[in-house]
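These notes are about the structure you will find just below.
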Amino acid sequence: MPIIKDEQFLGVTTIDIALEEMSMFLKKLKIGKNGRAFIINSKGKTVALPNLEEVSERDAVTGKVKLNTITNISDKAIVSSYRGIQEKLGITGDLPLEMTEKVSFTYTHDGEGYFGLYKPFPAQYGWDWVIGIIVPENDFMASVKKNTVIGFAISFFCLVCVLTLSVLISRKITHPLDQLTANAEKIRQFELDEGAEVETAFVEITKMADSFENMRTGLKSFGKFVPADLVRYLISSGQEAALGGDNQELTIYFSDIVSFTSISESMQPKDLVVHLGEYLSEMSNIIQDNNGTVDKYIGDAVMAFWNAPRRVPNHAYLACRSALQNKNRLRELRKKWDAQNLPPFRARIGLNTGDVVVGNMGSEARLNYTVIGDAVNLASRLEAICKMYGVEIVISEFTYALVKDKMVARLLDCVSVKGKKQGVSIYELVSEKGEQEPDYPMEFIETYESAFKLYRDKQWDKATDTFKKADQIVGGGNTSCSLFIERCAIFKENPPPDNWDGAFVMTTK
């Protein structure tokens, strides 16, 4: 280094630094945890390295010692940094590094990120040396990443806690609301059995649940006055009940308790209500189980119909099955009532199928969903006719035509009810085919129907003998056989007109 004072050259000072000492210094130099420093010249020759042994090499030809090339050393991270600075400066091949200021950059070696810094020695020293420093990113970022991971873990834990708490709180709200929704849907479908109990700590939801329960209880009470199928139909249609009706084929059912007046006089009113209530409940349940609609109770009488408001394709069959099931259920109940010293109810049932007007009858202020028409009147008359023939169930020829393949029935008579000229064949409904043993042997039914044919052909003596034969088959005392034996005697003395069609004209309802 020149020494100049007052612009006069005084001399030169030199310092001799061995490359070995420089390399030892760089080896001991700590740059982060795994950082390294090195010195090269502008041509890429090593001047000082942490590994002293690689600074120089011996020429294989001349045997002289010369500086090593940076790209030949074993520390490939340093080699990669040299490639990186070349790329940064746009230098290719063996061209020298032309640098006037420090250059920093990042690069990747073996999948690990590094920071690189190359800085030229000051020009006044006259050395074309470049100091290089490389540091793995992890030396700087490890703590940052660690803190990031810890922060993420804490955040994730907090998020899980918040979500868990939110789910618990939301379930506390949504679960009762789901129960309320399910209860509301049941009410909408007019399914008014016990709804799901709503348990909640929220006062508002409790009030809503109480309101729903009160509504369910009220509608359940209302449903005891109105057919449930009708209410479901009105709800599903979204229409308000209005005065009016439609023509439709229905099967009509009437039943009445035998000698109810005398029974009612023998019981206390309170006991009678309970006894009658059990009977009506049992009969109505069977009707409803067979898709029937209970129209009304008229004292001890039950009026029901099938195929409205819900359409039932096999309505005649279901009505007949209900009548038979009611008859059989009454037999079981009579045993129970006998044991309880209660009057054993017996019932008569009339069924008819035909076109009627069905709909909302009454006034604008009060409506009754019911049926009217001749077919209804005939069903009512058939129930009353049961007494005359000593049977429990009578069906019309119109109902019989729809069920004859499934039901066992006995042709009873051909009658012209009061107010009608046209005769209607009537049948005793005996049993369902294949389901149970008929109350009568088939021989009786066949013999009786043969006798009835002779009766309609005005062969009074033969008809009388055949009716007597039928009566003997069932042990005698059959009401319908006795009735026709008496009629044959009357007609034998006072024959009917020549145009008689075999119909017996009823003079009473």
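Just so it is clear, none of the values below were taken in a lab; they were calculated from the coordinates. Since the model is a prediction, treat every value here as computed from it, not as a measurement. Reconstructed Cβ throughout: ideal geometry from the backbone, glycine too, with neighbour counts over all protein chains shown.
Annotations
- Diffusion constant of segment 1-143 at 4 °C, which comes from Stokes-Einstein with the Kirkwood Cα-pair radius and 1.567 mPa s, µm²/s: 78 µm²/s
- The 3J(HN,Hα) values that the Karplus relation (6.51, -1.76, 1.60; θ = phi - 60°) gives for segment 119-129 are, in residue order, 9, x, 5, x, 5, 5, 7, x, 9, 8, 8 Hz. Gly and Pro appear as x.
- Computed E for T261/L411 - FRET, C-beta separation, R0 41 angstrom, nearest 0.05: 0.85
- Here's the list of aspartates and glutamates a cross-link from K146 could span, going by alpha-carbon distance under 19 Å and ignoring same-chain residues fewer than 8 apart: E112, E137.
- Neighbour counting of Cβ atoms within 10 Å sorts the residues V149, V294, V130, fewest neighbours leading, into V149, V294, V130.
- Residue exposure proxy: T71, T46, ordered by other Cβ atoms within 10 angstrom of their Cβ from fewest to most, comes out as T71, T46.
- Cα-Cα over 18 Å, subset of K453/K492; K27/K76; K433/K453: K433/K453
- Cα-based Lys proximity count in segment 252-391, under 21 Å, for pairs eight or more positions apart or on separate chains: 5
- In terms of distances greater than 32 angstrom between alpha carbons, the cross-link table entries K33/K119; K5/K66; K5/K88; K33/K102 yield K5/K66; K5/K88.
- Ranked by how many other beta carbons lie within 10 Å on average, peptides 104-112, 310-318 from highest: 310-318, 104-112
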